[in-house]
Structure formats: structure tokens, C-alpha cells
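See structure below.
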Amino acid sequence: MVEVEYIEDATGLQWVSPTVAASEYNKILINDVGIHQNAKAVRQIPERVLDKVSERLTTIVKQELTRGVEVVDKAGADTATLNIMISRASTDFEDLQITEVLPYGALIGSAKALLGTRDRNVRILVESQLVDSQTEEVLAERVGVILAKGILENDDVDLEYEQIKETVELFTQDIVHFIRVTAYQAALNEKEQS
């Protein structure tokens, strides 16, 4: 996998099979976005929020991809399957500010962390995999992160979907670009092989 950036501040890892050929696939089956148990185990990220992220990603990706390729509801010839999984989630402290690097500021930053009042980032790891719908051969993979900086005010508040809604909407473009880049790479593979 190599690091790629589709949209500003959204880097991730991606791999496309060097043998996948564009002419072999003209339909796509899009499974609903799954949620791994590891993602559900984060105290400040309720399962209902992850369910909403899953639902929203599924809806928007299906809408976006319908515009460029035939979306089908069952496996078959000439069909690739898109599997998307929310594999992990975490909350961590927001990035240190420059003033906190100075001795006095660092003391305040450390005290906030100990008291649980420092703002926290939310990270949701999303893995996308494109496979042959009949053989399950992996055609391409993408790992990206939905990142919302400094949105949890302390250790006691739970994430609400509205706090990350805009970030989720933007992240759907990451998945759509992954499919488009895979199709482009598949076309290049075909040219090189002929």
C-alpha cells in the first residue's frame, strides 16, 4: 500500500492490483458499511453514532457511484463488490498548541490532560476493499481516516453525530475517489498488457 491524498488533509493508504483490467468489470455491488467490534468499544463514541456514520456512508457512496457505473444488488459476471468497514475508532488529545510547548504552557496542558478537560480529537478508521464478486479476489484496497479535531470538550462528553456530520460527508468523496482511481489504474493496466 502507498500513501495517497485525495482531498485536503485526508491522507490514507491504497493498493490497486497490477493485474486488474477495466474491461473485466462494468457493474458494482455495494454492500452496506459494516462496523467492527473494535470500533464499538470506545467509551466516548456511542454505537448509535457509528450506526449513523455507517448509514450515511452507505447512502452517499451508492448515490455517487450510481452516476458513473451500474450498481447491482447481487454478485455476477463483470461485477466488482465494494466492502467498506469501520474498523476502529479512537479519541485522543488535540494537538498541542505552540504555547503549550513553552514550560508554563506545558504545565497547564498537562494539568488539563490529568483533569480530563483537554479537548479530544475523534478518529474513525475506514477500510474499503474492492473484490471480484464471484472469486473474492482483492482488486484494490484503501484505508482512510475520518478525523474531527478538538470536538470533544473533555473526557465526560459523548460524541454526537451532528459534530462530525460535515466531516463524514466530506469523507465519502474519499471512497468515491478510491473507486475512480482504481478504475483509472485498471485502464492503465490494460493498456500496458496489450
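The values are calculated or read from the model by the stated rules, or taken from the named source; none is laboratory data. If you're wondering where the values come from, they're calculated on a predicted model, not measured in any experiment. Please note: Cβ atoms are built from the backbone with ideal geometry, for glycine as well, and neighbour counts cover all protein chains shown. The protein model used for the area step is the full one, side chains on, heavy atoms only, and it has no ligands, DNA or RNA in it. Shrake-Rupley method; radii C 1.70, N 1.55, O 1.52, S 1.80 Å.
For residues that are surrounded by 15 or more Cβ atoms within 10 Å (Cβ to Cβ), among the aliphatic types (A, V, I, L, M) and part of a helix (DSSP H, G or I), tally how many sit in segment 24-57.
Selection size over segment 24-57: 5.
Quick check on segment 146-168: of everything there that is under 14 Å from the mean Cα position of the chain (by Cα), at pLDDT 85 or above and open to solvent by less than 50 Å² (accessible area, probe 1.4 Å), which residue is farthest from Lys62 (Cα to Cα)?
Ile164
When you scan segment 101-115, do you find a residue that is part of a strand (DSSP E or B), at pLDDT below 85 and open to solvent by 80 Å² or more (accessible area, probe 1.4 Å), even just one?
No, segment 101-115 contains no residue that is part of a strand (DSSP E or B), at pLDDT below 85 and open to solvent by 80 Å² or more (accessible area, probe 1.4 Å).
List, please: which pairs have Cβ atoms under 9 Å, are six or more places apart or on different chains, and start with a residue in segment 51-64 that is touching a residue at least 60 places away in the same chain (Cβ under 8 Å) and end with one that is among the hydroxyl-bearing types (Ser, Thr, Tyr) and in a helix (DSSP H, G or I)?
Lys52/Tyr161; Val53/Tyr161; Arg56/Tyr161; Arg56/Thr172; Leu57/Thr172; Ile60/Thr172; Val61/Thr172; Glu64/Thr172
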